[in-house]
Structure formats: C-alpha cells, structure tokens
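Some notes on the structure that comes next.
The values are calculated or read from the model by the stated rules, or taken from the named source; none is laboratory data. Everything numeric in this text was worked out from a predicted model, so none of it was measured. Ideal geometry is used to build each Cβ from the backbone, glycine not excepted, and the neighbour counts take in all protein chains shown.
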C-alpha cells in the first residue's frame with residue numbers, strides 16, 4: 001500500500017478551479033445580483049446613489065416605511081428573434097431589491113429622487129436641530145396668596161383639612 005501525502009492548499013485550488021469552470025459555462029451567476037449603493041452625508045442632506053444600468057425609470061419603485069427606504073427595480077429580458085444564439089449572458093436580469101435603514105434627524109417628508117443615465121440619486125434633507133426651548137418661570141416673593149387653601153368644617157377639631 002502506497003501512502004499519499006495530502007496537500008490541503010492544492011486540493012483547495014483544484015476544487016476552486018472546478019467550481020469556476022462549472023459556473024463559467026452557466027448563464028446563471030453563483031451570487032444573487034445586488035444594487036450597488038453610495039451613501040453620502042453632507043451637513044445639509046443625506047444622498048443615496050444607486051447604479052441601475054439598463055433599467056427604465058418606470059421600472060423603479062421607491063418606498064419609505066418606518067425609517068427604512070426600499071428600492072425595487074426590474075431589469076426585463078429583451079425578446080429574442082428566432083435563430084438567436086446567446087454565447088454569454090452576464091448582465092443580471094430580474095427584480096432587484098435593496099433596503100437601507102435611515103438615521104434619525106432627516107426630513108422624511110422632503111425626499112426627492114432623480115434618475116439619469118442609469119444612476120438613481122435620492123436626496124433627503126436633514127431637519128434642523130431643534131433649538132432648546134427656554135421658558136421663563138415667574139417667582140413670587142412674599143405672596144399673600146396661600147399655595148393651598150384649607151377649609152375646616154365643624155368645631156370638634158378631629159377632621160382633616162380638605163384641599164380644594
């Protein structure tokens with residue numbers, strides 16, 4: 001019996017090449033497509049940019065629910081002409097969804113979105129910091145008005161004064 005020395009690194013490389021060749025011939029990507037985002041905060045606003053190449057603006061849906069912004073976009077397949085041969089199909093198709101939890105302090109009533117050349121730009125203005133409310137409280141000195149008025153009923157002295 002001959003002993004064979006096992007090299008885990010070369011075994012891993014062999015498996016990785018086998019998986020790469022398996023997915024290279026398949027039109028389906030091994031990972032779920034995602035919408036790439038840029039999120040940038042300035043002193044005045046939060047800006048979210050989403051890359052949606054090849055997607056028509058009518059196929060983009062934005063919703064805002066409880067501080068979560070959800071982007072849903074659909075990339076539709078083009079109809080094929082009879083006799084068409086597909087040699088490679090790497091552009092992801094289907095419905096893409098991406099949700100982002102928004103930070104506090106944004107004016108969620110003033111969200112605007114623009115779509116230009118496959119780039120969706122969402123602007124959300126920040127709410128100004130509320131200024132602290134300062135309330136002046138009058139201080140009475142030597143007031144002749146009692147704070148609590150008590151009424152004593154009866155003459156026995158056993159009863160407790162009732163506050164009104």
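Among the candidates 146, 103, which residue alone is assigned to a loop (DSSP other than H, G, I, E, B) and modelled with pLDDT of 90 or more?
On the way: 146 fails: modelled with pLDDT of 90 or more.
Being assigned to a loop (DSSP other than H, G, I, E, B) and modelled with pLDDT of 90 or more holds for just one of 146, 103, which is 103.
Within segment 56-94, track down each residue that is part of a strand (DSSP E or B) and over 20 Å from residue 114 (Cα atoms).
Residue satisfying the conditions is 94 alone.
Mind telling me which of the residues 38, 116, 109 ends up being more than 13 Å from the chain's Cα centre (by Cα) and modelled with pLDDT of 90 or more?
Exactly one residue qualifies, and that residue is 116.
Just to verify a result, which residue in segment 93-106, among those that are over 12 Å from the mean Cα position of the chain (by Cα) and under 16 Å from residue 40 (Cβ atoms), is surrounded by the most Cβ atoms within 10 Å (Cβ to Cβ)?
Taking segment 93-106 and keeping what is over 12 Å from the mean Cα position of the chain (by Cα), we get 93-96, 105-106.
Filter once more, so that each one left must be under 16 Å from residue 40 (Cβ atoms): 105-106.
Working: 105: 10, 106: 18.
If we take residues in segment 93-106 being over 12 Å from the mean Cα position of the chain (by Cα) and under 16 Å from residue 40 (Cβ atoms), then 106 is surrounded by the most Cβ atoms within 10 Å (Cβ to Cβ).
Kindly establish whether residue 57 is touching a strand residue (DSSP E or B) at 6+ places or on another chain (Cβ under 9 Å) and modelled with pLDDT under 80.
no
Among the numbered criteria (1) loosely packed, with under 12 Cβ neighbours inside 10 Å; (2) in contact (Cβ under 8 Å) with a residue 24 or more places away in the chain, which one does residue 116 miss?
(2)
Enumerate the pairs (first residue in segment 39-68 and under 26 Å from residue 127 (Cβ atoms); second residue anywhere and part of a loop (DSSP other than H, G, I, E, B)) with beta-carbon separation below 6 Å, excluding pairs fewer than 6 apart on the same chain, so at least 6 apart or on different chains.
Close Cβ pairs (under 6 Å, with a partner that is part of a loop (DSSP other than H, G, I, E, B)) amount to 50/35; 67/102.
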